[in-house]
Amino acid sequence: MAELATSVAAGVICSLLEKLGSLAAAEYAMFSSDRRQVELLVDELSSMKAVLEKLAYMENLDPLTRQWRDQVRELTYDTEDSIVSSMLQDRQDGAKDWFIWKIFPFFKDLREGYSLSKQINQIKAAVIELSARRERLRVDEVISTSSHVSIDPRLHVLYKDAAGLVGIDGQKDKLIGMLKDGDQHLKVVSVVGFGGLGKTTLANLVYDASPTLQHHEHRFDCRAFLSVSQRPDINGVFCILLRMFGGSITPSDNINVQLLVSMLNKHLQHKRYFIVIDDLWNESDWHTIRCAFPDNNSGSRLIVTTRIDSVALDCCSNRREYVYPMKPLEEEYSRRLFLTRIFGSEDACPEYLKEASAEILRKCGGLPLAINVVSGFLASKKTPERKEHWDRVQSSLGTIDREFEPMKQMSQILNLSYMHLPHHLRACFLHLGIYPEDREIMTDDLVKQWVAEDFVPCSPHRRDREDVAKDYFNELVNRSILQPVDIDYKDEVLSCRLHDMMLEFILNKSADENFITVMDRFGVRSGGTSKIRRLSLQSDQENRVPVPEAIILTQVRSLATFGACIDGVFSRLKFIRVLVVDRCRMTLDDMVGVCLLLQLRYLKIAFDMLDDEFDLVVPPEILNLRSLETLDITDVQDATLTERIADLSSLRHLLLPLEVVLPDDIGRMKSLRTIRKFDMSKNSVACINGLGELTNLRDLQVRFDDTWNSDQKKVALCSALQKLAGENLKHLAIISEDVCGDQCLPMCHQLNYLHSLTGNLETLRLEDRMPTIPNWIGQLGNLYDINLAGIERLNPQAIDILAKLPALLYLKMYILIFIAETIVIRGGSGSGTAFPALKYFDLICSPPWVSFEQGAMPKLQRLEIEFDADRWEEHGRAPAGIHNLGVLQVLSVQLMFSGAESDKEAAKSALRAAIHGHPRDPRVDISQRNFSGPFSIHTEEQYNMEFI
C-alpha cells in the first residue's frame, strides 16, 4: 500500500514543479534574490520527487517514512492549489504586485507586511526540514518507461476468442446442457463462485451461443444481458431491460417498481425469452426481479450469476441440480491462458521458464483473473523471457488456498501487478475508482480527465499530452487492469470496464491514500471526509442524498456525480479541475455556479436523451473558465450557448447536441481539436467559413436536417474542408438526420470537385443521398474506416475506387435503390488484390446480389448483410462466392421482412446453403426486423416518384 501512495505523492510534486517553474519565469514583481530562492526551492523539490519515485518500488515503509510521505503530499497539494488560484485571480484583477503573497495560505498567520524574501525563505526551510529525513531511507532504482505504447496484439486475441483461450469450453457445454432439457416451464440456472473465477465470461459465452439452444420453430423472441451489481437501482434495472426490448422509458420518468414489473410482464407474456442476470448479491433483490419474468410455458430461460451460494439456491427454488458451481481452471487451460498472454502461443515459452511458469500457475490456483493479471505484468516487460522477472513474481506470490480466504488471496495477487506499476500510471489507475460499478468507461473521457488533473506531465519530446495519456491507457489495458469492451477496426480500445474485484481493490487503495471518496445513498462507501481531493457521488433516481454541509469540499479537484443530488454543491467547490454531471438536472443557477470554478478544465454534462423537458443554458459567465479545455454536452436534449463562447481560447474539445448556434467568429478558437454535431441548419455561412480557420482541428462532425438548402452554406463547407485538408484533420463525418429526406449533401454538387482531401484523413462518414461514390475518396490513402449511407447506385467503377484503398479495414455501404445487377468483388493477387486489408464489410442492399471472386478481400473476418426478404421466391438469390473468403469468421444477416413466412424461410435456407461447407466453418447469425428500422430500400420507380 505504501509504495502506491508514495508514487502518487511524487506525481503531485511533478505537477507543482511545473507551476513553480512558470512562477520563476514569469514577470511578477520579485527581487532577483527572491527569484533565486524560488529556483532553489524547485531544485529541492525535484530532489524530493526523485526520492519519492524510488520509494514507490519499496514494498514496505516504516511509520516515520510514511508520515514524511503524507506530509509532503499535503504540502504539495495545498501549495499547488494556491499557486494556480493566485495565477487565475491575478489574471482577473491585475494585482500582480501581490501575487506571491497569495501563493502559500498555510502561512497566513504571518503578519501582513513581512518581506517577500522572508516568506520564500520560510517555505524553503519547511521543505528542507522534510527533505532532511529522507537521508535515512534506502531506495531501489527507478524503473524506466517506454516512450510510446500501443495495444498488445496478443491481448486482442485473448478477448476476441475468450472461449478458446480461457479453456472453459467444457463448462460452457455443461451449462448449455442444463438449459436444453425440453422443459417448457421457465427455468432458472444459477452460476456461483467467488470473484475472478470467470462467471460473467461463462454466462456471456452461453448468451452468445443462445441461438444454438433453439430450433427455428422454437426461437427466442427476445434476449438480454443485464448487470445488477452489489447495490442495484431496481427501477433503473427494469428501465434498462424495457429499453433493450424496444421501449422508450427512462429512470427519470419516476415510474414505481410495481408498474415497471407490470409492463415487463405484459411485454414478455407471450414470448420465449432468454435473460442473463449478472452479479446478483442478495435474495431480496432477486425476489423483486423475479416478478418481472412470467412463466408462460414457452420454454424461456434465465441465467443468474452470483458469488453467494444461498442466493444461487434461492434463484433456483432450492433445487441444487440447477446450480452450476464455477471451478478453477484445470492445469492445461491455465497454462494455455498464461503462456498465450505472454508469448502469443503456448509453444513459444522457452524451456528454461517452464519450471517457473508451473510454479507461478500453482500459486495462481486456476483463477482466470489472477492468471490474467500476472501474465499481463510479465507481458508488459520489454523482455518477458528474462528469468529475473519470473523469479521476482515467484517470490512475490503466496500460494492460493482454494478453501480459505479467497478474496484476501486474490488481493495479494492483484497487488503484485500494481506494486510494479510505473509511477506515472499510479494516479491514473486510482482515478478509475471514480466510476460506479459495472460502468462502461469511454477511453476519450479518461484521456481528457487525466490531462485535466495533471496526471500527465509535459513531455520533454514535445509530444501532445493527450497522446501520452492514451499511451498510459494502453499500458493499463496491456497489463489486464482494464477489460476492453468496444474495440475498433485498428484494435484500439474505445471503451473499457473494471472487474468488480478490481474496483474494490482500487477503492481500498484510494482510502489509504485519501485519493478518492465515494458516497452513495447509504453514506460514505469508501475514503474519508477530511480534505477530500476527489469525490464520486453515486445514487439512483429515488434515493438522492445530498452531501452533508459539514463536509468541506473546497479542496476537491475532481467531482463526478451519477444520478446524485447536487443541490448547493457547486458553491462549496474552489479548486476543482474535473466536473462530470451524469443524470442530474442542471438549472441556470447551477450553471452560473459552475462558471465561477476558475480552475475548471474538464466539464461534461449528460442527461437522459429522452428527457425533453429540460434545456441546458450555458451562460455568459462561462467566460470565467479561462482554463476550460473540454466542454462535453452532447448527451443533453437541448442546449443554448452564449454568443461569446469563442472567447474561450483554451478550449480544445467542443461536443454539442443538435440545434446549437455557434458564433460567427468561431475561427478565433484556434485551440479547438474536436467539434461534434456542428449543425449546418442552424449556423450561419460566416460560422461555417470559420471552420476553415481551425487548423488544429482533428475531429469534425457536421450534421443537418431537411430544413436547410443553402447553396452558400454548401460552398462555405467545401471551402472550409479544402483549407483543413492539408492540416491535422483525421476524422470527418457529414451526416443527414434523415438519409431518405429530400435534401442532398453538398457532395452531390460541390464535394465532387474536391481534390485535396488527401492529408491525414483516417475515418470518413457520409450519410445522405449521393448518386454514387465520389472519385476523390480514392485519393485518401490513409483511410481505414468508411461509412457511406445513401448511395443511389453502385457501379463497378465505384467499387474499384474503394477496392484500391490500401489501409481500409472497415467498409459500410447502404444502397437506397434495389440493385439491378450483381455487385462483383473482384479477385487478384499481390498489389492488384481488391480490398487488401479489409476486415469488416457491412452491406445494406436488396436483393443481396453480391459475388466474391477468388482472392477478393483476403483478410475479411466479418461479413454483415441486411436486405429485404419480401418476394424472395420471386427475385431472391443468396450471395455467391462466400467460400472464397478464406479467413471469414462470422456471417451476420438481418432480414427486413413484412411479407409471407415462406419468403423468410426460403431466404434463411438459401443463406445457410451459401455458406455450408466453408473450410473455416464461420458462425452464422440470422435475425430479422420489420420495416420500421433506420434503413429502407426503394424500387427505381418508387425512388423516382419520391425524390426526383
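The values are calculated or read from the model by the stated rules, or taken from the named source; none is laboratory data. Since the structure is predicted, the reported quantities are computational estimates derived from the model, not experimental observations. Note: ideal-geometry Cβ built from the backbone for every residue, glycine included; neighbour counts use all protein chains shown.
See the values below:
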quantity	calculated
Breaking point among (1) more than 15 Å from Ser334 (Cβ to Cβ); (2) at pLDDT 85 or above, for Gln394	(2)
Leading residue by the ranking (modelled with the lowest pLDDT) among those in the stretch 495-518 that are within 20 Å of the chain's Cα centre (by Cα) and part of a strand (DSSP E or B)	Arg497
Lone unmet requirement of (1) assigned to a loop (DSSP other than H, G, I, E, B); (2) crowded, with 18+ Cβ neighbours inside 10 Å; (3) in contact with a strand residue (DSSP E or B) (Cβ under 8 Å, 6 or more places away or on another chain) for Ser317	(2)
Qualifying residue in the stretch 886-903 (condition: over 30 Å from Ile487 (Cβ atoms), β-branched (Val, Ile, Thr) and touching a strand residue (DSSP E or B) at 6+ places or on another chain (Cβ under 6 Å))	no
Selection status of Ser334, of a type in the set (S, T, N, Q), outside the structural domain of Ser190 (by TED's automatic domain parsing), surrounded by 15 or more Cβ atoms within 10 Å (Cβ to Cβ) and under 30 Å from Lys387 (Cβ atoms)	yes
Residue in the stretch 680-713 that is farthest from Asp467 (Cα to Cα), counting only those that are assigned to a strand (DSSP E or B) and either in contact (Cβ under 8 Å) with a residue 40 or more places away in the chain or in contact with a Lys or Arg (Cβ under 6 Å, 6 or more places away or on another chain) (or both)	Arg703
Residues satisfying the stated conditions in the stretch 519-537, i.e. hydrophobic (A, V, I, L, M, F, W, C) and either in a loop (DSSP other than H, G, I, E, B) or touching a Leu at 6+ places or on another chain (Cβ under 9 Å) (or both)	Met519, Phe522, Ile532, Leu535, Leu537
Looking only at the stretch 670-679, and only at residues there that are outside any loop (DSSP other than H, G, I, E, B) and among the charged types (D, E, K, R), the one that is modelled with the lowest pLDDT	Asp679
Given (1) within 28 Å of the chain's Cα centre (by Cα); (2) modelled with pLDDT under 90, index of the condition Pro879 fails	(1)
The stretch 861-881: number of residues that are part of a helix (DSSP H, G or I), surrounded by fewer than 21 Cβ atoms within 10 Å (Cβ to Cβ) and touching a helix residue (DSSP H, G or I) at 6+ places or on another chain (Cβ under 8 Å)	1
Condition broken by Phe575, with the remaining ones in (1) in contact (Cβ under 8 Å) with a residue 40 or more places away in the chain; (2) closer than 22 Å to Ile551 by Cα; (3) not in a loop (DSSP other than H, G, I, E, B) satisfied	(3)
Set Arg439, Arg525: member being closer than 25 Å to Gln230 by Cα and touching a residue at least 24 places away in the same chain (Cβ under 8 Å)	Arg439
Residue ID - nearest to Glu388 (Cα to Cα), chosen from residues in the stretch 347-374 that are touching a Ser or Thr at 6+ places or on another chain (Cβ under 7 Å) and modelled with pLDDT of 85 or more	Cys349
Residues satisfying the stated conditions in the stretch 454-479, i.e. surrounded by 22 or more Cβ atoms within 10 Å (Cβ to Cβ), touching a residue at least 40 places away in the same chain (Cβ under 8 Å) and more than 16 Å from the chain's Cα centre (by Cα)	Asp454, Phe455, Arg479
Residue list for the stretch 76-85, filter: more than 16 Å from Ile532 (Cβ to Cβ) and either among the aromatic types (Phe, Trp, Tyr) or modelled with pLDDT under 70 (or both)	Thr79, Ser82, Ile83, Val84, Ser85
Among residues of the stretch 578-599, those that are among the acidic types (Asp, Glu) and assigned to a loop (DSSP other than H, G, I, E, B), counted	0
Some residue of the stretch 804-816 being small (Gly, Ala, Ser), under 18 Å from Asp491 (Cα atoms) and either at pLDDT 90 or above or assigned to a loop (DSSP other than H, G, I, E, B) (or both)	yes
Number of the exception - Pro484 against (1) surrounded by 18 or more Cβ atoms within 10 Å (Cβ to Cβ); (2) on the phi > 0 side of the Ramachandran plot	(2)
Some residue of the stretch 788-809 being crowded, with 21+ Cβ neighbours inside 10 Å, in contact with a Gly (Cβ under 9 Å, 6 or more places away or on another chain) and within 25 Å of Ala906 (Cβ to Cβ)	no
Considering residues of the stretch 261-300 that are among the charged types (D, E, K, R) and not in a helix (DSSP H, G or I) only, the residue farthest from the chain's Cα centre (by Cα)	Asp295
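Quick grid of which residues meet (1) modelled with pLDDT under 90; (2) closer than 16 Å to Arg521 by Cβ; (3) touching a Pro at 6+ places or on another chain (Cβ under 6 Å); (4) charged (D, E, K, R):
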| residue | (1), (2), (3), (4) |
| --- | --- |
| Pro548 | yes, yes, no, no |
| Arg557 | no, no, no, yes |
| Gly563 | yes, yes, no, no |
| Ser571 | yes, no, no, no |
| Ile576 | no, no, no, no |
| Cys584 | yes, yes, no, no |
| Val594 | no, no, no, no |
| Lys604 | no, no, no, yes |
| Phe607 | yes, no, no, no |
